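The values are calculated or read from the model by the stated rules, or taken from the named source; none is laboratory data. No experiment lies behind these values; they were computed from the predicted model shown. Here Cβ is always computed from backbone atoms with ideal geometry, including for glycine, and neighbour counts include all displayed protein chains. Just so you know, the surface numbers come from the protein's heavy atoms only, side chains and all, with ligands and any DNA or RNA stripped out. Shrake-Rupley method; radii C 1.70, N 1.55, O 1.52, S 1.80 Å.
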Amino acid sequence: MARTKSPGKRKRKTKKSASTNKAGCLLAIVVLALIAVGLYLYNEQYRPAPPVTATTTQSAPSPARPSGSASSTAYEALDIALSITPRQEQLIRHIGYTVSYNRELRLPNWVGYELTRQETRGAEERSDRFVADPLAQGPIAANSDYTRSGYDKGHLAPAADMKWGTEVMKESFYFTNICPQHPELNRRQWKVLEDKIRDWAVADSAIIIVCGPVMEKQPRTIGKNKVTIPQRFFKVILSPYIESPKAIGFLFDNERAVDPLCTYVVTVDSIERLTGLDFFAPLPDDLEDRIEATANCSQWGL
């Protein structure tokens, strides 16, 4: 007589099989989750890095310009020159000025700043302590390079325009703001023009200034740090906040300069062609084109 299986045993076997299947499903879910996490971490590890630009921009801490600066209510970045032709540069934004520093030349490509009426009334004493710019990267000039060189340490942003604060006065003596300049240029018509600019800032509420060296193809150098001697210097000036905005350019050979200032006047356009820089780009195109093509001495009282 054949024995039949007990119904209780069949139930126990079915229950055991269901438990095994449930455990298998849970294990599969865990394995799939681990695989997904692994793939995510792998992709993050080999994700391409974002591109890095060639120009480095660094800033001085917390600009503290006097209140009433015209730039706070009108055009931005008028003091920044745009490079049309390639050049080595590190853009450094100090409180008192912005500099495009060229470590290959040990010189600024250009220095730009705004001078307001209020800033001309500063009373900070001149420091006369020339030092390396703490934000500059790479080689830089030193005082010893200028010793017995026959050249002055010529400011681009003059100390007399930086009397409105202790820190900005200190910044004006950074070597990123200095070029080898013929003594009879630095102490003559270059200085006369600086004095004129302060008069224009008082009269017009604010003036924008961008200035810098002009290099020849095989320039000479001074000192152990091989500081390049510029062939010329340019200065472009904009009065943007008057009823009829105006601009003017000046170009000096790096030699004795004693002729009347109007002798050195040129158009801003001509300096742009000479230097490969674009000045006052934030202006409306029609206004920029018109004022940069004009070189009118009488318009500036020269």
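Quick look at the numbers
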| read-out | value |
| --- | --- |
| Count of residues meeting criterion [assigned to a loop (DSSP other than H, G, I, E, B) and either polar (S, T, N, Q) or open to solvent by 30 Å² or more (accessible area, probe 1.4 Å) (or both)] in the range 274-288 | 3 |
| Residue tally, condition assigned to a strand (DSSP E or B) and under 21 Å from D145 (Cα atoms), over the range 218-257 | 6 |
| Filtered residues of the range 162-187 (kept if in contact with a helix residue (DSSP H, G or I) (Cβ under 8 Å, 6 or more places away or on another chain), aromatic (F, W, Y) and open to solvent by less than 10 Å² (accessible area, probe 1.4 Å)) | F173 |
| Criterion: out of contact with any helix residue (DSSP H, G or I) (no Cβ under 6 Å at 6 or more places or on another chain), under 30 Å from S149 (Cα atoms) and part of a helix (DSSP H, G or I) - qualifying residue of I271, I291 | I271 |
| Members of the range 131-144 that are in contact (Cβ under 8 Å) with a residue 24 or more places away in the chain and touching a helix residue (DSSP H, G or I) at 6+ places or on another chain (Cβ under 9 Å) | V131, A132, D133, L135, A136, I140, A141, A142 |
| Filter result (touching a residue at least 40 places away in the same chain (Cβ under 8 Å), within 14 Å of A201 (Cβ to Cβ) and open to solvent by 20 Å² or more (accessible area, probe 1.4 Å)) within the range 239-257 | Y241, K246 |
| Qualifying residue in the range 96-112 (condition: among the β-branched types (V, I, T) and within 23 Å of Q231 (Cβ to Cβ)) | yes |
| Which numbered condition I208 fails, given (1) open to solvent by less than 40 Å² (accessible area, probe 1.4 Å); (2) assigned to a helix (DSSP H, G or I) | (2) |
| Which listed residue, of V214, V192, V227, V236, is touching a residue at least 40 places away in the same chain (Cβ under 8 Å), of a type in the set (A, V, I, L, M), open to solvent by 20 Å² or more (accessible area, probe 1.4 Å) and in contact with a helix residue (DSSP H, G or I) (Cβ under 7 Å, 6 or more places away or on another chain) | V192 |
| Any hit, the range 94-106, residues being in a strand (DSSP E or B) and either of a type in the set (D, E, K, R) or over 21 Å from I207 (Cα atoms) (or both) | yes |
